[in-house]
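Encoded as structure tokens, the structure appears first; notes follow it.
Readers should treat all values here as calculations from the given coordinates under stated rules, not as data from a laboratory. As the structure is a prediction and not an experimental result, all values here were calculated from the model. Every residue, glycine as well, gets a Cβ built from its backbone with ideal geometry; the counts of neighbours run over all protein chains shown.
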Amino acid sequence: MSNIKKAFENGKAFIPFVTCSYPDLDTTAEVIRSAVQNGADLIELGIPFSDPTAEGPVIQEANLRALSGGITTDEIFSFVRKMRCETKIPMVFMTYANVVFSYGAEKFISACSEIGIDGLILPDLPYEEKNEFLPFCRKYGVDLISMVAPTSENRIAMIAKEAEGFLYVVSSLGVTGVRSEIKTDLAGIMEVVRKNTDIPCAIGFGISTPEQAKKMSEFADGVIVGSAIIKLIGKYGKDSPEYIGPYIKSMKDAVRS
């Protein structure tokens, strides 16, 4: 069984997103520890990229700050290897296709497997081009996680049928970022998804409050939150883990209520 499915075994999952090395790897480690202690079910780790097209200004800034600090993919691999000595929580990387291409697809994905990364999310990878990476993912046991968005329309069923690990359902049009209201017909999207796959589905993009998380959990098996967590890191820096812990607990309580 995919390690990712373990995140969804005990009810609705809460999945925080963290940009690696924002503001530094020591803080990232403390954020992960705080997230695990406060009920996170799966951690989504962002590998910084210079042109993160799916991201709003908050995570874009985190990417650029991390890169300006000199972080490398190899350093992130070493970091995850060390974190794996203290936690078995499912972890996935979120990055961009060019990061994997430039590193070497097979080399990158085999390294993911070796350090204990369970899945890979590439938001700029079109469904039709996933075979650039899928054979290596299957060879090394790393789930290539598919995404469906409100614009996917008649492709939702096709994407859902072949999804692995979990299906990432994008709640809103546009880039990541906090939204005051989510108006997408998620019930309609999820109806199509449920008819075509039985793997877990998690909703992300724009979710920031317990109320939003609770509402989204009515449709899906899990909720993903990124920008709100990155904003806390941006505000509190090295002290952010003590604020992120209670925030994650409030969100986890909301999705399970």
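For Ala62, the shell of other residues with beta-carbons less than 10 Å away shows a net charge of 0, using +1 for Lys and Arg and -1 for Asp and Glu. The fraction of Cα-Cα pairs per 5 angstrom bin, counted from 0 for the stretch 1-69, comes to 3, 16, 23, 20, 17, 13, 6, 1 percent, rounded to whole percents. Taking amide hydrogens as placed 1.01 Å from N in the peptide plane, the amide H of Ser21 sits under 5 Å from those of Thr28, each at least 5 positions away in sequence or on another chain. Placing a pseudo-label 7 Å from each Cα along the Cα-to-Cβ vector at Thr87 and Glu211 gives an inter-label distance of 2.9 nm. Pairs of alpha-carbon atoms within less than 8 angstrom and 6+ residues apart define the contacts here; what relative contact order does the stretch 12-248 have, in percent? With pairs under 8 Å counted, the relative contact order is 24 percent.
So for the chain, taking the charge dipole from beta-carbon charges (+1 Lys/Arg, -1 Asp/Glu), which of Ala7, Met158, Ser78 sits furthest toward the positive end? Final value for the positive-end residue is Ala7. In sequence order, the stretch 63-76 has phi-based couplings of 4, 5, 5, 5, 5, 5, x, x, 4, 10, 4, 4, 5, 5 Hz under the Karplus curve 6.51 cos²θ - 1.76 cosθ + 1.60, θ = phi - 60°, and Gly or Pro positions carry x. Taking label positions 7 Å along the Cα-Cβ direction at both Glu129 and Phe101, the computed distance is 0.6 nm, reported to one decimal.
Amide H contacts of Val225 (H built 1.01 Å from N, in plane; Pro and chain starts excluded): Ile15, Phe17 sit under 5 Å, all sequence-distant by 5 or more or on other chains. Derived from the Cα gyration tensor, the three semi-axes of the equivalent ellipsoid of the chain are 24, 22, 17 Å, largest first. Projecting label points 7 angstrom from Cα along Cα→Cβ for Ala187 and Lys5 puts them 3.0 nm apart.
Take the Kirkwood radius over Cα pairs of the stretch 57-125, plug it into Stokes-Einstein at 10 °C and 1.306 mPa s, and you get 123 µm²/s for translational diffusion.
Residues whose amide H falls under 5 Å from that of Leu167, counting only those 5 or more places apart or on a different chain, are Cys201, Ala202, with hydrogens built in the peptide plane. 3J(HN,Hα) along the stretch 77-88: 4, 5, 4, 5, 4, 5, 5, 5, 6, 10, 8, 9 Hz, from the Karplus curve 6.51 cos²θ - 1.76 cosθ + 1.60 with θ = phi - 60°, whole Hz, x for Gly and Pro.
For the stretch 212-226, putting each phi into the Karplus relation 6.51 cos²θ - 1.76 cosθ + 1.60 with θ = phi - 60° gives couplings of 5, 4, 4, 5, 5, 5, 5, 8, 10, 8, x, 10, 10, 10, x Hz, in residue order, rounded to whole numbers and with x for Gly and Pro.
When +1 charges are put on Lys and Arg Cβ atoms and -1 charges on Asp and Glu Cβ atoms, the dipole computed for the stretch 12-248 relative to its Cα centre reaches about 300 debye. Computed extension gain for Met158 through Tyr140, at 0.36 nm per residue and net of the alpha carbon distance, reaches 4.1 nm. From the cross-link list Lys215/Lys235; Lys6/Lys139; Lys107/Lys231, which pairs have alpha carbons spaced over 25 Å apart? Beyond 25 Å: Lys215/Lys235; Lys107/Lys231.
Between the stretch 135-161 and the stretch 42-106, the C-alpha centres lie 20 angstrom from each other.
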